[in-house]
Amino acid sequence: MELLALTLVLGATLCWGAAQVLGKIALRKIDSLLFNWIRFTIAILPIILGATIVGELGGIGLNSATLVAIASGVFGWFLATYLFFYSMKREAAHRMMPTGNAYPFWAIALAFIFLGEPLKIILPLSAIMIFSGTLLLSLKEKEAEHWKWGVPIASFVAFLWGANAILNKYCLSQGMDVYTLLLVRLLSAAVLFTIALGITSQRGKIKAHHGSVKLSIASGLIAFPIGALLYLSALQTEGASVLAPITGTTVLFGFLLSILVLGEKPTRKSILGMLLIFSGILIMII
């Protein structure tokens, strides 16, 4: 792997981990739908400005790449992100983040099926380690913040995010530039969040604290214009299966940030579960 691609993807994982922790803080005093709507809509303008400055925003036509990019926005960003933060509001971050960020396993497995990239021989062992770690994280703990559906939902989110990496690679391979791909995905997610928020707001007042709104904005800017741009730039030069194990460092970054920033106190079972997931992803570099 080229040093530039490695630097870009490590920068992206740091951004994603920080954005998720900021999201956990923000969700204490804001509705999860409004939180996600802010994150996605706030990121649209910087992407347009950035594309205009560098002159890389291509035309958006009705073709297979555009349709796949829309699907990526719908399933990878609208559905998966909403489920993740809806659960994060109810479950401890040190359990949600390792499980939800185990998507590199799915990215590698699906890259072999749909992109024809080499299959890692170590994949079965990786699967055992990741699923064992997930099981440990899902076990009932004597903690105030524990939701029984949190880890199972995060596992499904990991699958969606893994599939999302394959959709992104397909779009880039069809000649779609990074800024156009980002913009189509952001717009797709933002439109759906706007519709969902409009429907929900008819039923009652949406809760939002001004401090949480600011954190939501920060989370969105870190995750999308910065984090996603870094990752997609790396994806232009390396295969999805090559980058996938490196993106797994979000598991470690997120877990450490949940302790240092959020003050969470994971049990030994949770620590072991995180280490199994992280190791299961890391061994796929072999």
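Structural remarks
- Scanning segment 183-200 for residues that are among the aliphatic types (A, V, I, L, M) and either buried (at least 23 other Cβ atoms within 10 Å of the Cβ) or in contact with a Leu (Cβ under 9 Å, 6 or more places away or on another chain) (or both) turns up L183, L186, A189, L192, A196, L197.
- Sub-8 Å Cβ pairs linking a first residue in segment 230-257 that is in contact (Cβ under 8 Å) with a residue 12 or more places away in the chain and among the polar types (S, T, N, Q) to a second residue that is crowded, with 24+ Cβ neighbours inside 10 Å and part of a loop (DSSP other than H, G, I, E, B), at least 6 apart or interchain, are T247/N101; T250/N101, ordered by first then second residue.
- For segment 35-56, a residue qualifies if it is in contact with a Leu (Cβ under 6 Å, 6 or more places away or on another chain) and aliphatic (A, V, I, L, M), and the qualifying residues are A43, I44, I47, A51.
- Residue count for segment 122-159, restricted to those that are within 18 Å of L282 (Cβ to Cβ) and touching a residue at least 40 places away in the same chain (Cβ under 8 Å): 14.
- Index of the failed condition, T180 passing every other in (1) farther than 27 Å from I30 by Cα; (2) surrounded by 15 or more Cβ atoms within 10 Å (Cβ to Cβ); (3) touching a helix residue (DSSP H, G or I) at 6+ places or on another chain (Cβ under 6 Å): (3)
- Cβ pairs under 8 Å, 6+ apart, first in segment 259-276 and open to solvent by 80 Å² or more (accessible area, probe 1.4 Å), second in a loop (DSSP other than H, G, I, E, B): K269/L139; K269/E141
- Positions within segment 143-165 being of a type in the set (V, I, T) and buried (at least 23 other Cβ atoms within 10 Å of the Cβ), in sequence order: V151, V157
- Of all residues in segment 67-86, those satisfying the criterion of being crowded, with 18+ Cβ neighbours inside 10 Å and either among the hydroxyl-bearing types (S, T, Y) or free of Cβ contacts under 8 Å to residues at least 24 places away in the same chain (or both) are S72, T81, Y82, Y86.
- Exactly one residue out of I199, I166 is β-branched (V, I, T) and touching a residue at least 60 places away in the same chain (Cβ under 8 Å), and it is I166.
- The sole residue among G220, G248 that is open to solvent by less than 10 Å² (accessible area, probe 1.4 Å), farther than 25 Å from L115 by Cβ and either out of contact with any helix residue (DSSP H, G or I) (no Cβ under 6 Å at 6 or more places or on another chain) or not hydroxyl-bearing (S, T, Y) (or both) is G220.
- Output for segment 1-24, where each listed residue is under 17 Å from the mean Cα position of the chain (by Cα) and of a type in the set (A, V, I, L, M, F, W, C): L8, V9, L10, A12, L14, C15, W16, A18, A19, V21, L22
- Of all residues in segment 207-217, those that are in a helix (DSSP H, G or I) and open to solvent by 20 Å² or more (accessible area, probe 1.4 Å) total 6.
- Wholly within segment 53-171, helices (runs of 4 or more DSSP H) carrying at least 2 residues that are closer than 24 Å to L262 by Cβ: 80-88, 93-100, 103-110, 123-138
The values are calculated or read from the model by the stated rules, or taken from the named source; none is laboratory data. As the structure is a computational prediction, the values presented were derived from the model and not from experiment. With ideal geometry, Cβ positions are generated from the backbone for all residues, glycine too; neighbour counts draw on all protein chains shown. Heavy atoms of the whole protein, side chains included, go into the accessibility calculation; ligands, DNA and RNA do not. Shrake-Rupley method; radii C 1.70, N 1.55, O 1.52, S 1.80 Å.
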